[in-house]
1. All but one of (1) surrounded by 11 or more Cβ atoms within 10 Å (Cβ to Cβ); (2) under 15 Å from C4 (Cα atoms) hold for K55; state the number of the condition that does not hold.
2. Out of D93, D107, report the one residue that is among the charged types (D, E, K, R) and either within 19 Å of V136 (Cα to Cα) or in contact with a helix residue (DSSP H, G or I) (Cβ under 8 Å, 6 or more places away or on another chain) (or both).
3. I'm told R34 meets every condition in (1) surrounded by 12 or more Cβ atoms within 10 Å (Cβ to Cβ); (2) more than 16 Å from the chain's Cα centre (by Cα) except one. Can you identify the failing condition by its number?
4. Out of the residues in region 69-108 that are under 19 Å from L53 (Cβ atoms) and among the aromatic types (F, W, Y), which is modelled with the lowest pLDDT?
5. Among the residues of region 1-22, how many are closer than 24 Å to H112 by Cα and of a type in the set (D, E, K, R)?
6. Can you name every residue in region 109-141 that is closer than 17 Å to R70 by Cα and either basic (K, R) or touching a residue at least 12 places away in the same chain (Cβ under 8 Å) (or both)?
7. Test D98 against the criterion of being surrounded by fewer than 18 Cβ atoms within 10 Å (Cβ to Cβ) and within 21 Å of Q21 (Cα to Cα), and give yes or no.
8. Of all the residues that make up region 23-56, how many are of a type in the set (A, V, I, L, M) and either touching a Phe, Trp or Tyr at 6+ places or on another chain (Cβ under 6 Å) or closer than 25 Å to I116 by Cβ (or both)?
Amino acid sequence: MITCGIEIKSNEIILCLLSKQDGLFQIADCRQVRHTLNHPNDCESVRKFQLILKKLFEDYKVTRAVIKERPTKGKFAGSAIGFKIEAAIQLIDTIQVDLFSGATVKDILKKHPMPIPFKATGLRAFQEGAFTVGYVALCEE
(Lines give C-alpha, C1' and ligand atoms only; values in the text may rest on other atoms or scores of the structure.)
Protein backbone atom coordinates (compact mmCIF):
# COMPACT_ATOMS: atom_id res chain seq x y z
CA MET A 1 0.00 0.00 0.00
CA ILE A 2 1.40 3.34 -1.09
CA THR A 3 0.59 6.56 0.76
CA CYS A 4 1.00 9.93 -0.91
CA GLY A 5 1.96 12.83 1.34
CA ILE A 6 0.75 16.13 -0.11
CA GLU A 7 1.61 19.70 0.73
CA ILE A 8 -0.37 22.47 -0.97
CA LYS A 9 1.41 25.76 -1.59
CA SER A 10 -0.53 28.47 -3.41
CA ASN A 11 -1.64 26.88 -6.71
CA GLU A 12 0.81 23.97 -6.54
CA ILE A 13 0.96 20.60 -4.82
CA ILE A 14 4.10 18.78 -3.76
CA LEU A 15 4.01 14.98 -3.51
CA CYS A 16 5.97 12.29 -1.73
CA LEU A 17 5.15 8.58 -2.16
CA LEU A 18 5.80 6.37 0.87
CA SER A 19 5.05 2.87 2.03
CA LYS A 20 5.72 0.87 5.18
CA GLN A 21 6.47 -2.83 5.25
CA ASP A 22 7.65 -4.83 8.27
CA GLY A 23 8.24 -1.57 10.16
CA LEU A 24 10.51 -0.16 7.44
CA PHE A 25 9.65 2.94 5.45
CA GLN A 26 10.20 3.02 1.71
CA ILE A 27 10.28 6.14 -0.43
CA ALA A 28 8.98 5.44 -3.93
CA ASP A 29 10.16 7.28 -7.01
CA CYS A 30 7.57 9.47 -8.68
CA ARG A 31 7.64 10.76 -12.25
CA GLN A 32 6.51 14.24 -11.21
CA VAL A 33 6.51 15.51 -7.62
CA ARG A 34 5.07 18.96 -8.37
CA HIS A 35 1.77 19.73 -10.06
CA THR A 36 0.34 23.19 -10.68
CA LEU A 37 -3.26 24.29 -11.20
CA ASN A 38 -2.63 27.10 -13.69
CA HIS A 39 -6.19 28.28 -14.34
CA PRO A 40 -8.16 27.71 -11.12
CA ASN A 41 -11.25 29.57 -12.37
CA ASP A 42 -11.60 27.36 -15.44
CA CYS A 43 -13.71 24.28 -14.70
CA GLU A 44 -11.99 22.23 -17.41
CA SER A 45 -8.56 23.07 -15.98
CA VAL A 46 -9.60 21.85 -12.52
CA ARG A 47 -10.99 18.62 -14.02
CA LYS A 48 -7.77 18.06 -15.97
CA PHE A 49 -5.71 18.66 -12.80
CA GLN A 50 -7.84 16.12 -10.93
CA LEU A 51 -7.58 13.59 -13.77
CA ILE A 52 -3.78 13.90 -13.85
CA LEU A 53 -3.63 13.17 -10.12
CA LYS A 54 -6.09 10.29 -10.37
CA LYS A 55 -3.99 8.72 -13.14
CA LEU A 56 -0.79 9.20 -11.12
CA PHE A 57 -2.42 7.54 -8.09
CA GLU A 58 -3.58 4.62 -10.25
CA ASP A 59 -0.15 4.21 -11.91
CA TYR A 60 1.66 4.09 -8.56
CA LYS A 61 -1.08 2.10 -6.81
CA VAL A 62 -1.65 4.83 -4.21
CA THR A 63 -4.39 3.84 -1.77
CA ARG A 64 -4.26 6.85 0.54
CA ALA A 65 -3.48 10.53 0.15
CA VAL A 66 -2.66 12.61 3.20
CA ILE A 67 -2.83 16.38 2.93
CA LYS A 68 -1.05 18.76 5.25
CA GLU A 69 -3.97 20.88 6.44
CA ARG A 70 -3.72 24.65 6.24
CA PRO A 71 -5.47 27.04 8.60
CA THR A 72 -8.55 28.83 7.24
CA LYS A 73 -7.63 32.14 8.86
CA GLY A 74 -4.65 33.91 10.34
CA LYS A 75 -1.14 34.64 9.15
CA PHE A 76 -0.59 31.24 7.53
CA ALA A 77 -4.10 30.78 6.12
CA GLY A 78 -4.49 28.83 2.91
CA SER A 79 -5.62 30.52 -0.29
CA ALA A 80 -8.92 29.98 -2.07
CA ILE A 81 -7.03 28.20 -4.86
CA GLY A 82 -5.42 25.89 -2.32
CA PHE A 83 -8.79 24.91 -0.92
CA LYS A 84 -10.06 24.27 -4.45
CA ILE A 85 -7.08 21.96 -5.00
CA GLU A 86 -7.80 20.22 -1.71
CA ALA A 87 -11.42 19.63 -2.73
CA ALA A 88 -10.36 18.27 -6.13
CA ILE A 89 -8.13 15.73 -4.38
CA GLN A 90 -10.79 14.82 -1.83
CA LEU A 91 -13.26 14.08 -4.64
CA ILE A 92 -11.02 11.43 -6.22
CA ASP A 93 -13.09 8.35 -5.44
CA THR A 94 -10.40 5.68 -5.88
CA ILE A 95 -8.37 6.61 -2.79
CA GLN A 96 -8.84 7.46 0.87
CA VAL A 97 -8.01 11.12 1.61
CA ASP A 98 -7.13 12.39 5.08
CA LEU A 99 -6.13 15.82 6.38
CA PHE A 100 -3.58 16.22 9.17
CA SER A 101 -3.31 19.49 11.08
CA GLY A 102 0.04 20.91 12.12
CA ALA A 103 -0.73 20.08 15.76
CA THR A 104 -1.50 16.45 14.88
CA VAL A 105 1.73 16.16 12.90
CA LYS A 106 3.74 17.53 15.86
CA ASP A 107 2.04 15.15 18.32
CA ILE A 108 2.75 12.09 16.18
CA LEU A 109 6.37 13.17 15.60
CA LYS A 110 6.84 13.37 19.38
CA LYS A 111 5.69 9.75 19.71
CA HIS A 112 7.47 8.55 16.55
CA PRO A 113 10.52 10.71 15.77
CA MET A 114 11.95 10.31 12.29
CA PRO A 115 14.60 7.57 12.32
CA ILE A 116 16.92 9.53 10.01
CA PRO A 117 17.43 13.21 9.24
CA PHE A 118 15.38 14.47 6.27
CA LYS A 119 18.55 15.24 4.28
CA ALA A 120 19.44 11.53 4.36
CA THR A 121 16.22 10.60 2.50
CA GLY A 122 17.56 11.76 -0.86
CA LEU A 123 14.42 13.85 -1.46
CA ARG A 124 14.48 17.46 -2.62
CA ALA A 125 14.31 20.10 0.14
CA PHE A 126 10.91 21.37 -1.07
CA GLN A 127 9.42 17.88 -0.44
CA GLU A 128 10.00 17.96 3.33
CA GLY A 129 6.42 18.97 4.21
CA ALA A 130 4.90 16.28 1.98
CA PHE A 131 7.34 13.67 3.31
CA THR A 132 6.60 14.58 6.93
CA VAL A 133 2.81 14.35 6.57
CA GLY A 134 3.15 11.02 4.72
CA TYR A 135 5.52 9.69 7.40
CA VAL A 136 3.21 10.57 10.29
CA ALA A 137 0.23 9.04 8.47
CA LEU A 138 2.12 5.76 8.14
CA CYS A 139 3.16 5.91 11.81
CA GLU A 140 -0.53 6.03 12.74
CA GLU A 141 -1.35 2.77 10.92
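1. So the condition that K55 fails would be (1).
2. Going through D93, D107 in turn, the sole match is D107.
3. (2)
4. Within region 69-108, the match that is modelled with the lowest pLDDT is F83.
5. Final tally of qualifying residues: 3.
6. Those that are closer than 17 Å to R70 by Cα and either basic (K, R) or touching a residue at least 12 places away in the same chain (Cβ under 8 Å) (or both): F126, Q127, G129, A130, F131, T132, V133, G134, V136, A137.
7. Yes; evaluated as a whole, the condition is true for this residue.
8. 5
The values are calculated or read from the model by the stated rules, or taken from the named source; none is laboratory data. These numbers come from a predicted model, not from an experiment. Every residue, glycine as well, gets a Cβ built from its backbone with ideal geometry; the counts of neighbours run over all protein chains shown.
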